[in-house]
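I have placed the structure first, in the form of structure tokens, so that the comments after it can refer back to it.
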Amino acid sequence: MKVKDLFVLLLMTFAALLVHGYHPWAEDAEIYLPGVEKMLHPELFPFNAQFFESHAHLTFFPNFIAASVRLSPLRLEAMLFFWQIASIFLLLLACWYLSGKCFANRSARWSGVALVASLLTLPVAGTALYLMDQYVNPRNLTAFAAIFTITEVLDRKYVRAAMSLVFAAALHPLMAVFVFSYCVVLVGLRRWDGRSVLAACLLPFGLFWGPVSPAYHQVALSHANHYLVRWQWYEWLGAVAPLAILWGFSRIARSRQLRNLDLLCRALIVYQLVYLLLALATSVPARFEDLARLQLMRSLYILYILMLLFAGGFLGEYVLKLRTWRWIVLFAPLCAGMFLAQRELFPASAHIEWPGTKPRNQWVQAFAWSRDNTPVNAIFALDPNHMSIAGEDANGFRAIAQRSMLADAIKDSGAVTMFPPMADEWLRQVQAQSDWKKFQTPDFYRLHETYGVSWVVLQRPGVEGLACPYQNDAVMVCRLE
């Protein structure tokens, strides 16, 4: 690879950051980052740590990020930003290598990579995933390893493919299962006419099995994305339409003797059809409810990256070519649309939350104050739906404040869907906070007596009778004395 190509990829990486933004504490960061913070500072989170440690124990991600912090002069915020940039660059690099196996034309190769870079925050049907999140997490770091693994399998370099797959499995075990399944489909179609396909794709089926409690049933039903039959029509379209698109790509590739591309497309169709059937099987009968947490339709994650890479390749080969104005006409409005969509998602936050800068979001300001001005063993209570409040921008309290809190109804419920034994305790804590918006001072002290809650974060105007040493225009942090 030439230095010039690396420079272009680096430019694409920073352009992608400018388009899609960076929000280090948002959404699933609330699940993944407390595990890193506790590893760096074991005294943190003496209460309710199980709601994030359940995930942390299944991935090397906390160890990886914590080791990066310990081995460098950078603080955690700066290291997270570094790995987000590295995740984007490595994914684009992996796409560049794979596109070179599919298209000989450099315009096609770069167009495929550019399309992926332009659509990093594209939702993946009804899976609640983006191609790449706006914050660093195990999935972001696994994405490039997945594409590298597929490239090595295509080249029959199985040892290198296995090494890349092991890295992916260490960071995101379930995503690695999808990658492995697809790679076996590739080998099966090339060597055994697909006879190994079903066995490969059935691998994750049955990893979890057992009776579920009523509490688990309640939380599971609140996550419609786990159940294919509960998807909206447009989400179904996002799951089925790619199969038709890939079939068309396969026919074009075969007619032009693009054998690798034809093989990759046919393998994707078989791979996704099997997972579609498995997802249906775990969505309908109640006896399979425990298997729905596998979220088998997240197999679409790999399919979407590859489909966009191939689509961009065809655009570069037959439409864009070397005409600069055509590239501008395609990518300028595409990037503008993605930028505006991200501003709509995070309207109260800076588009790029640079490490070390003062947060613009008032909820984040309150959480940061809580981190700097309350005891390490403090236990907080917030509206259990606070991450969905307008202006909160889905920022995680634990990740920012580094303090314990009562279970919430959004991210902690996601952890419970993966780990049913926590369901009963989760339900008790959430029910103890029901009707939060109607709480008065005695209700908060009831939480203090039952769970040891010593601080609460309230939307203004708050309630009378509480001492609130921190206030801004949106939020109050109050002490229960």
Worksheet item: Which ones in the stretch 240-262 are open to solvent by 60 Å² or more (accessible area, probe 1.4 Å) and under 14 Å from residue 309 (Cα atoms)?
Response: 245
Worksheet item: Of all residues in the stretch 1-20, how many are over 21 Å from residue 339 (Cβ atoms) and touching a Cys at 6+ places or on another chain (Cβ under 7 Å)?
Response: 0
Fill in: Number of positions in the stretch 238-270 that are of a type in the set (Phe, Trp, Tyr) and in contact (Cβ under 8 Å) with a residue 40 or more places away in the chain
1
Discussion item. With in contact (Cβ under 8 Å) with a residue 12 or more places away in the chain, open to solvent by 10 Å² or more (accessible area, probe 1.4 Å) and farther than 21 Å from residue 10 by Cα as the only criterion, which of 174, 93 stands out?
Written reply: 174
Worksheet entry | Sole residue being on the phi > 0 side of the Ramachandran plot, at pLDDT below 95 and more than 16 Å from the chain's Cα centre (by Cα), chosen from 105, 63, 48 | 48
Worksheet item: Identify, please: which residue in the stretch 382-396 is open to solvent by less than 10 Å² (accessible area, probe 1.4 Å) and closer than 17 Å to residue 471 by Cβ and is, among those, farthest from the chain's Cα centre (by Cα)?
Response: 382
Item to complete: Those residues that are more than 20 Å from the chain's Cα centre (by Cα), of a type outside the set (A, V, I, L, M, F, W, C) and not in a loop (DSSP other than H, G, I, E, B), I need them from the stretch 66-83; list them, please.
Response: 68, 70
Item to complete: Select from the stretch 353-374 the residues that are open to solvent by 20 Å² or more (accessible area, probe 1.4 Å) and touching a residue at least 60 places away in the same chain (Cβ under 8 Å) and write down the one among them that is farthest from residue 25 (Cα to Cα).
Response: 373
Worksheet item: Does residue 116 satisfy the condition of being surrounded by fewer than 24 Cβ atoms within 10 Å (Cβ to Cβ) and either assigned to a loop (DSSP other than H, G, I, E, B) or out of contact with any Phe, Trp or Tyr (no Cβ under 9 Å at 6 or more places or on another chain) (or both)?
Response: no
Worksheet item: What residue, of 149, 142, is touching a Cys at 6+ places or on another chain (Cβ under 8 Å) and either of a type in the set (S, T, N, Q) or open to solvent by 30 Å² or more (accessible area, probe 1.4 Å) (or both)?
Response: 149
Discussion item. Among the numbered criteria (1) modelled with pLDDT under 90; (2) closer than 20 Å to residue 56 by Cα, which one does residue 407 miss?
Written reply: (1)
Practice prompt. For the stretch 468-477, state whether one or more residues are in contact with a His (Cβ under 6 Å, 6 or more places away or on another chain) and either part of a strand (DSSP E or B) or of a type in the set (A, V, I, L, M, F, W, C) (or both).
Written response: no
Worksheet item: So, in the stretch 323-365, of the ones that are closer than 30 Å to residue 471 by Cα and β-branched (Val, Ile, Thr), which residue ends up modelled with the lowest pLDDT?
Response: 357
Discussion item. Restricting to the stretch 26-40, give me the number of residues that are outside any helix (DSSP H, G or I) and either among the small types (Gly, Ala, Ser) or at pLDDT 95 or above (or both).
Written reply: 1
Worksheet item: Can you tell me which residues in the stretch 112-133 are modelled with pLDDT of 95 or more and of a type in the set (S, T, N, Q)?
Response: 118, 121
Fill in: Subset of the stretch 421-467 (residues that are open to solvent by 30 Å² or more (accessible area, probe 1.4 Å) and in a strand (DSSP E or B))
459, 467
Fill in: Hits in the stretch 394-420 - residues which are of a type in the set (Gly, Ala, Ser) and either assigned to a strand (DSSP E or B) or over 23 Å from residue 295 (Cβ atoms) (or both)
401, 404
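Here is a yes/no grid of residues against (1) at pLDDT below 85; (2) open to solvent by 20 Å² or more (accessible area, probe 1.4 Å); (3) out of contact with any Phe, Trp or Tyr (no Cβ under 7 Å at 6 or more places or on another chain):
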{"position": "156", "(1), (2), (3)": "no, yes, yes"}
{"position": "160", "(1), (2), (3)": "no, yes, yes"}
{"position": "191", "(1), (2), (3)": "yes, yes, yes"}
{"position": "200", "(1), (2), (3)": "yes, no, yes"}
{"position": "212", "(1), (2), (3)": "yes, yes, yes"}
Worksheet item: Any idea which of 109, 139 is out of contact with any Lys or Arg (no Cβ under 8 Å at 6 or more places or on another chain), basic (Lys, Arg), within 19 Å of residue 296 (Cα to Cα) and assigned to a helix (DSSP H, G or I)?
Response: 139
Discussion item. Among the residues of the stretch 376-403, what is the count of those that are of a type outside the set (A, V, I, L, M) and free of Cβ contacts under 8 Å to residues at least 60 places away in the same chain?
Written reply: 4
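The values are calculated or read from the model by the stated rules, or taken from the named source; none is laboratory data. None of these values were measured; they are calculated from a predicted model. Glycine gets a Cβ as well: all are built from the backbone with ideal geometry, and neighbour counts include every protein chain shown. Just so you know, the surface numbers come from the protein's heavy atoms only, side chains and all, with ligands and any DNA or RNA stripped out. Shrake-Rupley method; radii C 1.70, N 1.55, O 1.52, S 1.80 Å.
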